[in-house]
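J.: Got a structure here, written out as structure tokens. Questions coming.
Values in this text are rule-based calculations from the coordinates and carry no lab data. The shown structure was predicted, so the numbers you read here are calculated from the model rather than taken from an experiment. Here the Cβ is made from the backbone with ideal geometry for all residues, glycine too, and neighbour counts use every protein chain on show.
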């Protein structure tokens, strides 16, 4: 038997996953001491295989708690531990950009590979590597994609939208989302000048068939994996508005939208802002849990 263990901060999706797999769900209890330390209490009599389901936004405390949980489970005799982390932290820093910088992707990847036999995530933010297994030293490091869930969701709201990727890194997601319905799409170029300063250039030349793509009077959807400060999205919106579209929507896998980004984008005239439940947020509109469940059913 396998069971799923969840935490209060990502409780409902973890329970959904257990329901989809028709396996038991139990909660890991956390108690915060006044000095900031955490007491972790696991259910007793764990089976040989367990699945920990916890997304890793705001990751620092969560990582410590997951390490304690994994070690305590091993002490109970658990032999195989899967970590389901729909959002996977510390993937962006894959090289040292300046002298003295830690390459956190390798450090955290090694940590996860040490404590978990398998790691499953959705749309990890990988830049200069092709496979999640290059970042995580685990027997199984599995990167799933939200593209099918996004395609299905958008098809329920639009007939022939135009998809926009705000940078070259987004092309893989945009192309996969557009393909099932043969939607037009194009990819902008991005120059990052700092954490909150980017320049976006949008050329309406379709990447799929190199035909001209007009945005005028069209439903335009900006697609990305992560929305953090919203600066990239704001710059893309400004470029799109020059062509007077019928509507502008934003859809992302992982929603952070810090520094009042939702308010700023709404005031700019964005009609819809949607995200998956990989990170719990008010913009959540579709779920990626079934994608994870299908993967787990195969194993």
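J.: Restricting to the chain, what percent of DSSP beta bridges are antiparallel, rounded to 5?
T.: 20
J.: Say we join alpha carbon atoms closer than 10 Å with springs in a Gaussian network model of the chain; which of 126, 144, 22 then has the biggest fluctuation?
T.: Among 126, 144, 22, the largest mean-square fluctuation in the Gaussian network model of the chain belongs to 22.
J.: What number, rounded to the nearest 500 deg cm²/dmol, is the helix-based mean residue ellipticity at 222 nm of the chain, given -39500 (n - 2.57) per DSSP H run of at least four residues and division by all its residues?
T.: -8500 deg cm²/dmol
J.: Let me ask something else about it. How many Å³ per residue does the convex hull of the Cα positions in the chain occupy?
T.: Given the Cα convex hull of the chain, per-residue volume reads 143 Å³.
J.: Continuing with this model, one more query. By how many degrees, 0 to 90 and rounded to 10, does the Cα axis of helix 231-241 deviate from the longest principal axis of the chain?
T.: Once rounded, one gets 30 degrees.
J.: Now, a different point. Picking from 124, 13, 245, which is most flexible by a Gaussian network model of the chain using Cα springs under 10 Å?
T.: 245
J.: So, one more: So for 53, 89, fewest C-beta neighbours within 10 Å to most, what's the order?
T.: 89, 53
J.: Another question, if that's okay. Quick one: order 1, 91 by neighbouring beta-carbon count within 10 Å, fewest to most.
T.: So the residues, fewest neighbours to most, are 1, 91.
J.: Further question on the same structure: Apply the Debye scattering formula to the stretch 1-139, with a single equal point scatterer on each alpha-carbon and no solvent, then give log10 I(q)/I(0) at q = 0.20 Å⁻¹.
T.: Log-scaled intensity ratios, in q order: -1.23.
J.: Moving to a separate point now. If you fit an axis through the alpha-carbon atoms of helix 11-21 and take the longest principal axis of the Cα set of the chain, what angle between them do you get, 0 to 90°, nearest 10?
T.: Roughly 80 degrees between the two axes.
J.: A follow-up question, please. Neighbour counts of other C-beta atoms within 10 Å: give me 4, 221 arranged from fewest to most.
T.: Least crowded to most crowded, the residues run 4, 221.
J.: Using a Gaussian network for the chain with springs between C-alpha atoms less than 10 Å apart, which of these wobbles most: 129, 250, 226?
T.: Per the Cα network of the chain with a 10 Å cutoff, 129 tops the list.
J.: Within the stretch 19-120, what percent of beta bridges assigned by DSSP are antiparallel, to the nearest 5?
T.: 35
J.: Could you tell me how many degrees, from 0 to 90 and to the nearest 10, lie between the Cα long axis of helix 59-75 and the main elongation axis, the longest principal axis, of the Cα atoms of the chain?
T.: 30
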